[in-house]
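Read the structure below first, then the notes.
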Amino acid sequence: MTAPEALYQSSLSSLKLRARGKVRDIYDIDDKHMLIVTTDRLSAFDVILPDPIPGKGRVLTSVSNFWFEKMKHVMPNHLSDIPLEQVVPDAAERAQIEGRAIVVKLLKPLPVEAIVRGYLIGSGWKDYQKSGAICGIKLPEGLQQAQQLPEPIYTPSTKAEVDQHDENVSFDKTVELMGQELAEKVRDASLKLYKEAAAYAKERGIIIADTKFEFGVDDDGVLYLIDEALTPDSSRFWPADQYQVGISPPSFDKQYIRDYLETLDWDKTAPGPHLPTEVAEYCAAKYREAEVRLTQG
């Protein structure tokens, strides 16, 4: 059995399924470890679309693992050193998830998504046009669409259930949810991770306009970077050579899919519309290009 070109949903008989998220299938290994399989599902506007993006899960795994290694001096991450062969010994079963599965430490996920914005785009741009602020953070007057912010800003949100919408919250709300010390650690780590990654990516022709991190803690309260990191799914990636202020730049991420969906008569609730083959393939190609630039540049 060879690895499938596209994997919409994994099926492992040797491990117990713990949960299916928007993109990831999670299996129990033991009381200290889980297996995370990154499928080719794509979520847009918090709705899982019915068609996979071929190879997307492999790209997301490759890019995340690259950043986990590169950023481990900033903070530890959830990767374990247990090989996949040890937890899925059957070669045929393993083939469907090869290159897209990781064995991770079982940690307690924090109840916020840590969003860092370096440029004025997306919901932040809409917010700014209405109020001159993003998530209550006041910004200078006269900024244009896609303009770089004077300093990156931290705008956390709550985590929504599958098919529900995330909700932006204030920093004070994150203090209520997890305490002052941990809230500050998450904010400071997010900003540091973003700044270092953005500087590295820019040298390779990619602007990271914004990104989302997720964190977990172990039994001793140590903070870990979990889930994915700085991928085309969790970030806006723009080609630096096509960037200009005042317009929404082309992208290496799922913004292309969002833009396509905006042209449809769809109310952004499940079920999502089917994607034309050429739209899915173009998106897949942009994901692969981002992977090559970042990990091989």
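The charge dipole of segment 43-119, taken about the Cα centre with unit charges on the Cβ atoms of Lys, Arg (+1) and Asp, Glu (-1), comes to about 340 debye, rounded to the nearest 20.
For the chain, the 222 nm mean residue ellipticity estimated from helices alone, with every DSSP H stretch of n ≥ 4 adding -39500 (n - 2.57) and the total spread over all residues, rounds to -10000 deg cm²/dmol. Only one residue of Tyr194, Val245, Ser64 has its Cα farthest out toward the positive end of the dipole of the chain, where Lys and Arg carry +1 and Asp and Glu -1 on Cβ, and that residue is Val245. A straight chain from Lys108 to Thr263 at 0.36 nm per residue would run longer than the Cα-Cα distance by 51.9 nm.
Each residue was assigned an accessible area with a 1.4 Å probe, and for Glu93 the value is about 20 Å². Heavy-atom accessible area with a 1.4 Å probe sorts Tyr256, Tyr194, largest first, into Tyr256, Tyr194. When Phe68, Phe171 are compared by accessible area of protein heavy atoms, the largest-first order is Phe171, Phe68, using a 1.4 Å probe. Only one item in (1) 53; (2) 49; (3) 46 matches percent of Cα pairs over 25 Å apart derived from the coordinates shown, and that item is (2). Using C-alpha pairs below 8 Å separated by at least 6 residues, the relative contact order for the chain is 21 percent.
Computing FRET efficiency as 1/(1 + (r/R0)^6) for Lys138 and Lys32, where r is the C-beta to C-beta distance and R0 is 35 Å, gives about 0.20.
Taking Thr277, Thr61, Thr174 in turn, the Gaussian network model of the chain (Cα-Cα springs below 10 Å) assigns the largest fluctuation to Thr277. Separation of segment 267-297 and segment 164-203, taken as the distance between their Cα centroids, equals 26 angstrom. In this structure, the residue pairs whose Cα-Cα separation is over 26 Å, taken from Lys105/Lys202; Lys56/Lys185; Lys72/Lys268; Lys56/Lys173; Lys72/Lys202, are Lys105/Lys202; Lys56/Lys185; Lys72/Lys268; Lys56/Lys173.
The values are calculated or read from the model by the stated rules, or taken from the named source; none is laboratory data. What you are looking at is a predicted structure, and each value in this text was computed from that prediction instead of being measured. Note: ideal-geometry Cβ built from the backbone for every residue, glycine included; neighbour counts use all protein chains shown. To get the accessible areas, we keep the full protein, side chains included, count just its heavy atoms, and leave off ligands, DNA and RNA. Shrake-Rupley method; radii C 1.70, N 1.55, O 1.52, S 1.80 Å.
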